[in-house]
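Quick note: the coordinates plus some simple rules give every number you see, no bench work behind them. Owing to the predicted nature of the structure, the values given are computational and were not obtained by experimental measurement. Every residue, glycine among them, receives a Cβ derived from its backbone with ideal geometry; neighbour counts consider all protein chains shown.
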């Protein structure tokens, strides 16, 4: 190889490395380093189950409830999962769609979790309550990517989402464990109080 060729090759390598560094710097500036796929905190697959112990603060009475993913269907090319509660409440399942933007309640604009997920992230969605009158619920990621303990279980990577539902005068804190799903729900009523109404704590789960 000639001296000119060596110089040319060296210049090309230097340019490629420089462009790579610039691109990497730009990417790190536009995306928080702790962002993650929100969908990974709520894995959806037929057969997945989450069993909880539910405690109402007013009576301290405990009961067991279970959410199960019973069906998956494609709606306009989008996977929609049907989740049923046991014991049942109503005759309709909770339908969750797995879309590019995160986990969405089917046929609504209500995101349960959004992608990418990071601490401080906030979004609004229109409540579909009969009392709502087009009021919007506010959801905010209180923390993400941190270890947490729920009941007898410890998880390495958790996200906590606070939701304020003005229409129904209730707020909630939902803790998600990455790769497991929702592991704790705490409901506060009235909406702007610290008074706990009901707590659901994960007892067992089955996730594929």
| message | Multiplying the sequence separation of residue 185 and residue 75 by 0.36 nm and subtracting their Cα-Cα distance, what value in nm do you get? | response | 36.7 nm
| query | Please state the relative contact order of the stretch 38-206 as a whole percent: Cα pairs under 8 Å, 6+ residues apart? | reply | 21
| task | Would you kindly calculate the translational diffusion coefficient of the stretch 38-206, applying Stokes-Einstein with the Kirkwood radius from alpha carbon pairs, for 25 °C and a viscosity of 0.890 mPa s, and quote it in µm² s⁻¹ without decimals? | result | 148
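Ranked by Cβ crowding within 10 angstrom, fewest neighbours first, how are 158, 148 ordered? Before the final figure, lay out the partial values.
Values: 158 22, 148 18.
Result, fewest neighbours first: 148, 158.
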| message | Could you tell me how far the Cα centroid of the stretch 96-128 sits from the Cα centroid of the stretch 63-85, in Å? | response | 16
| In what sequence do 99, 69, 46 fall when counting other Cβ within 10 Å, fewest first? | 46, 99, 69
| said: Give me 82, 76, 192 sorted ascending by neighbouring Cβ count inside 10 Å, so fewest comes first. | reply: 76, 192, 82
| request: Starting from the Cα of residue 149, step 7 Å along the direction of its Cβ; do the same at residue 94; then give the gap between the two resulting points in nm. | output: 2.7
